1. To the nearest 500 deg cm²/dmol, what mean residue ellipticity at 222 nm is calculated for the chain from DSSP H runs of n ≥ 4 alone, each contributing -39,500 (n - 2.57), summed and divided by the residues?
2. Going through segment 87-178, which GluC sites (Glu not before Pro) have at most 10 other Cβ atoms within 10 Å and a DSSP loop state?
3. At 1.4 Å probe size, with every protein chain present, just tell me what the per residue accessible area of segment 1-68 comes to in Å².
4. Looking at the chain as a GNM with Cα springs under 10 Å, which of Pro13, Pro100, Pro154 has the largest mean-square fluctuation?
5. Given a 1.4 Å probe and every protein chain left where it sits, what share in percent of the accessible area of the chain is carbon and sulfur?
6. May I ask for the distance between the Cα centers of segment 135-173 and segment 37-106, given as a whole number of Å?
7. Determine the gain in length on full extension of the stretch Asn133-Ile4; use 0.36 nm per residue of separation and subtract their C-alpha separation, reporting nm with one decimal.
8. How many Å² of accessible area per residue for segment 82-133, probe 1.4 Å?
Amino acid sequence: MATIGLRDLYRAPITVDESGKETYGTPVRMAKAISAEMSVEVAEAILYADDGADEVVKEFVSGELTLNVNDLMPADLAAILGQTQDEDGVVYAGEEDEPPYMAIGFRAKKANGMYKYIWLYKVKFAIPSESYNTKGDSIEFTTPEITGQFIKRPDGRWKAEHVAVPTEAAAASWFSAVREPKEDAA
């Protein structure tokens with residue numbers, strides 16, 4: 001079923017300990033979402049045998065996420081681009097900035113009242129282009145767009161996705177922490 005909305009954009013920082021284990025920080029709500037476009041690159045190989053295709057293998061390589069939002073606040077820019085922010089809230093961009101990987105989550109409403117919930121596990125954003133226009137005879141909004149690359153994390157996972165009504169347990173807690181697979185009870 002098609003989606004008819006987009007909302008609740010979140011970011012969660014990733015920290016890596018000395019052993020290389022990645023953990024997610026507490027999700028933080030970002031700007032209001034206008035659009036989110038995901039494209040995925042897949043590696044493909046076809047094995048031919050007996051004069052025909054015998055096996056096809058398709059494997060996730062990486063992806064690109066383009067977010068269009070109502071505004072990118074200084075704290076969000078500093079966090080997702082590795083920039084610094086002083087006590088007055090001023091963000092400083094410099095050549096030493098290193099955008100960190102972070103998880104990005106959002107949800108898209110479906111026509112039947114359910115939502116598709118998504119977490120992309122490992123996204124790194126690039127410095128966005130900016131555009132400013134003078135006000136003319138009519139009002140025209142200019143909204144920021146930012147693009148990031150997403151990749152697999154060390155365990156091979158790159159996305160968590162769930163379709164549910166907002167009151168369902170997994171959906172109700174979707175943005176309180178980055179969703180991880182539940183351990184199977186042995």
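The values are calculated or read from the model by the stated rules, or taken from the named source; none is laboratory data. In this text, all values refer to a predicted model and were calculated from it rather than measured experimentally. Don't worry about glycine lacking a Cβ; one is built from the backbone with ideal geometry, like all the others, and counts go over all protein chains shown. Calculation scope for accessible area: heavy atoms of the full protein, side chains included, ligands and nucleic acids excluded. Shrake-Rupley method; radii C 1.70, N 1.55, O 1.52, S 1.80 Å.
1. Computed mean residue ellipticity for the chain: -1500 deg cm²/dmol.
2. Within segment 87-178, the qualifying GluC sites (Glu not before Pro) (loop, at most 10 other Cβ atoms within 10 Å) are Glu87, Glu95, Glu96, Glu130, Glu140.
3. The answer is 68 Å² per residue.
4. Pro154
5. Roughly 50 percent, rounded to a whole number.
6. 11
7. So the chain would gain 43.5 nm between Asn133 and Ile4.
8. Here the residues of segment 82-133 average 57 Å² of exposed surface.
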